[in-house]
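In what follows, a single structure is set out as structure tokens and then discussed.
The values are calculated or read from the model by the stated rules, or taken from the named source; none is laboratory data. Just so it is clear, the model here is predicted, and its values are computed rather than measured. Don't worry about glycine lacking a Cβ; one is built from the backbone with ideal geometry, like all the others, and counts go over all protein chains shown. The protein model used for the area step is the full one, side chains on, heavy atoms only, and it has no ligands, DNA or RNA in it. Shrake-Rupley method; radii C 1.70, N 1.55, O 1.52, S 1.80 Å.
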Amino acid sequence: MSRPPSVPATDRPSTEENAWTWAGPSAPERLTILRNTTSIAIVGASDKPSRASYFVASYLQSSSRYKVYFVNPVVKEILGQPAYASLADLPESPDLVDVFRRHDDLPAVLEEVAAVGARTLWLQLGSWHEEVARNAAAAGLQVVMDRCIKIEHARFHGGLGLAGFDTGVISAKRQLTA
């Protein structure tokens with residue numbers, strides 16, 4: 001199995017014996033995860049519109065039924081909602097935790113996710129940590145790695161254009177541009 005080049009070298013296998021072993025949920029399984037989710041906490045959420053976490057957060061707020069919480073200890077508010085310093089500070093235990101954090105931070109994030117009783121750990125595009133995935137599964141969590149929750153949600157709900165954006169055009173034919 002090949003992984004994207006964005007996967008940190010520390011988590012890449014060095015020999016054929018150590019080849020990637022973790023297999024994520026299939027598309028129907030990811031759809032089931034999203035359907036069974038009512039609340040999402042975004043760890044590493046940003047208040048900067050140029051950041052991927054901000055784009056994902058604004059999409060989830062405007063295009064889904066989920067209750068969305070933001071976790072960032074240095075920001076007070078994101079998209080008009082309070083930002084919390086940690087998962088433990090949230091008013092409820094989220095069903096799913098979407099993570100925008102560095103590779104080396106993921107084991108600590110997993111500890112927080114397990115401690116609050118979330119059901120799913122979702123690591124964004126480019127985020128892959130087999131040890132964290134194994135430990136999360138052993139703790140009873142569902143795990144999705146190297147997938148964007150915005151893209152997956154839009155994909156399953158008919159809102160994904162060629163560039164990954166909702167174009168507002170409903171057509172099976174590619175639009176001509178001048």
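Odds and ends about this structure:
- Any hit, region 119-135, residues being of a type in the set (A, V, I, L, M), farther than 22 Å from A88 by Cβ and assigned to a loop (DSSP other than H, G, I, E, B): yes
- Considering V99, V144, the condition of being in contact with a Pro (Cβ under 7 Å, 6 or more places away or on another chain), β-branched (V, I, T) and surrounded by 17 or more Cβ atoms within 10 Å (Cβ to Cβ) is satisfied by V144 alone.
- Test for L121: is it under 23 Å from E29 (Cα atoms), open to solvent by 60 Å² or more (accessible area, probe 1.4 Å) and among the aliphatic types (A, V, I, L, M): no
- Scope region 102-118; condition open to solvent by 20 Å² or more (accessible area, probe 1.4 Å), of a type in the set (G, A, S) and either touching a residue at least 24 places away in the same chain (Cβ under 8 Å) or under 20 Å from I149 (Cα atoms) (or both); matching residues: A114, A115, G117
- Within region 45-89, the set of residues being within 14 Å of the chain's Cα centre (by Cα), of a type in the set (S, T, N, Q) and surrounded by fewer than 19 Cβ atoms within 10 Å (Cβ to Cβ) comprises just one member, S58.
- Qualifying positions in region 59-83 - in contact with a strand residue (DSSP E or B) (Cβ under 7 Å, 6 or more places away or on another chain), of a type outside the set (S, T, N, Q) and either over 25 Å from A133 (Cβ atoms) or in contact (Cβ under 8 Å) with a residue 40 or more places away in the chain (or both): L60, K67, V75, K76, E77, I78, A83
- Taking region 90-105 as the range and being among the β-branched types (V, I, T) and over 13 Å from the mean Cα position of the chain (by Cα) as the test, no residue passes.
- Scanning region 44-69 for residues that are out of contact with any Phe, Trp or Tyr (no Cβ under 7 Å at 6 or more places or on another chain) and assigned to a strand (DSSP E or B) yields a count of 2.
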